[in-house]
1. Which residues, taken from the stretch 161-180, are part of a helix (DSSP H, G or I) and within 21 Å of the chain's Cα centre (by Cα)?
2. For the stretch 93-116, which positions are of a type in the set (A, V, I, L, M) and under 21 Å from residue 37 (Cα atoms)?
3. Which one of these does residue 297 not meet: (1) part of a strand (DSSP E or B); (2) free of Cβ contacts under 8 Å to residues at least 12 places away in the same chain?
4. Kindly provide the set of residues from the stretch 278-294 that are more than 15 Å from the chain's Cα centre (by Cα), assigned to a strand (DSSP E or B) and either surrounded by fewer than 17 Cβ atoms within 10 Å (Cβ to Cβ) or not small (Gly, Ala, Ser) (or both), ordered by number.
5. In the stretch 300-329, which residues are in contact with a Lys or Arg (Cβ under 7 Å, 6 or more places away or on another chain) and part of a loop (DSSP other than H, G, I, E, B)?
6. Please count how many residues of the stretch 255-266 are of a type outside the set (Asp, Glu) and surrounded by fewer than 16 Cβ atoms within 10 Å (Cβ to Cβ).
7. Which of the residues belonging to the stretch 254-275 are in contact (Cβ under 8 Å) with a residue 12 or more places away in the chain and under 20 Å from residue 86 (Cα atoms)?
8. Quickly run through the stretch 313-340 and pick out the residues that are farther than 21 Å from residue 92 by Cβ and either modelled with pLDDT of 95 or more or touching a Ser or Thr at 6+ places or on another chain (Cβ under 6 Å) (or both).
Amino acid sequence: MGSTNSLTGAQVAVALSGGLDSAVAAALLRDQGRRVVGVHLRLAAGGPSREHLEALAQGLGISWLEVDLREDFSRLVLDYFAGEYSKGRTPNPCVRCNAAIKFGRLWHLLQETGIEFLATGHYVRLQRGATGAFEVHRGADRTKDQSYFLQRLPRELLPHLLFPLGEMTKKEVRRRYQELGLPQAESYRESQELCFIPQGRYQEFLHQHLGGLGAPGDLVDRRGRVLGRHRGLEYYTVGQRRGLRVPAGQPYYVVEIRPETNRVVLGHKEELFSAGLRATGVNWLIDPPAGEITARAVIRYRHPGVVASLHPENSGEARVIFATPQAAIAPGQAVAFYRGDRLLGGGWIEERVGGDDVGGGARV
């Protein structure tokens, strides 16, 4: 973990990525009089240099240390990512990483040192509800809100978390960073791409991590009629339109991936829509509901959400029935549940539910 001497007397550990957001979060906490230490997680190759992190910490006037979690990251995130793709599913490594690494392994290590709080540069708000319990809400800057990625937070951890940027806009954060006169990383750039796959070349990563890619197979329609050949399941995701190379008067989309038969099922746009989904591994940030509740279901990042009825079932599962059918339900992706701006929890999408299976849709 590095020298624990750097943590002596600290009250708040800030996950210091090397970028704008976490640096401004650290500065805000410092200005509040908190005893702050920066903790950089070394997760994979690349990332900011030690020289940049040192200059950043000096500019902030805080101590810092590096925690080497590359082995944990490989086992808990990279293996998961590659394994899901090999099963024909669409993984969400950011949701997984937040729960397993940042608010999992890191927090457990910090607890051993007596650190009371963990802060990050996420654009989310933590508020006390009417009962005094902590609630996770969307960030004030809705274009940067990251609450979707925190749906798997352990509820008992909420009193120990700080999100200093929750009420700020990205523009305000950039301005504050410039006012602080902090150094820019020589190669740092903000991106929605995965931190461990430069320029989105995930097939190359999968080939290296798995020692190869899957075999080619058939592109078929829902009746099983062969329409063409695919290059390997890893090249396809539900909802994909480009790169199918199947001539048709009406465009085809990927509507299902079947690893058991090595087939990719295509259909026209109307076949993408589902009446609902079944979620597994549901994590609640509220008291787990005993029966049906109504909420807004967000089925992927940037999805606007849809009113849905949630039917909790045994073993952490839930059936989610939409008020209006939704397109491109991707098994393996994460679904988050909201009421207004409050994040209620979320789960992993296991399968889509068709119109014949849902008994009339959501009651809203």
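The values are calculated or read from the model by the stated rules, or taken from the named source; none is laboratory data. Please read these numbers as outputs of a predicted model, since none were measured by experiment. Positions of Cβ are backbone-derived with ideal geometry, glycine not excepted, and every protein chain shown enters the neighbour counts.
1. Scanning the stretch 161-180 gives a single hit, 170.
2. Of all residues in the stretch 93-116, those of a type in the set (A, V, I, L, M) come to 95, 99-101, 106, 109-110, 115.
Result: 101, 106, 109, 110, 115.
3. In the conditions (1) part of a strand (DSSP E or B); (2) free of Cβ contacts under 8 Å to residues at least 12 places away in the same chain, residue 297 misses (2) alone.
4. Taking the stretch 278-294 first, the residues more than 15 Å from the chain's Cα centre (by Cα) are 278-280, 284-294.
Then keep just the ones that are assigned to a strand (DSSP E or B); that gives 278-280, 284, 293-294.
Scanning the stretch 278-294 gives 278, 280, 284, 293, 294.
5. Result: 305, 329.
6. Of the residues in the stretch 255-266, the ones of a type outside the set (Asp, Glu) are 255, 257-259, 261-266.
The next check asks that each one be surrounded by fewer than 16 Cβ atoms within 10 Å (Cβ to Cβ); those that pass are 258-259, 261.
The qualifying residues number 3.
7. In the first step, residues of the stretch 254-275 are kept if they are in contact (Cβ under 8 Å) with a residue 12 or more places away in the chain; the result is 254-259, 261-269, 271-275.
Correct list: 254, 255, 256, 257, 258, 259, 261, 262, 263, 264, 265, 266.
8. Matches in the stretch 313-340: 321, 323, 324, 325, 339, 340.
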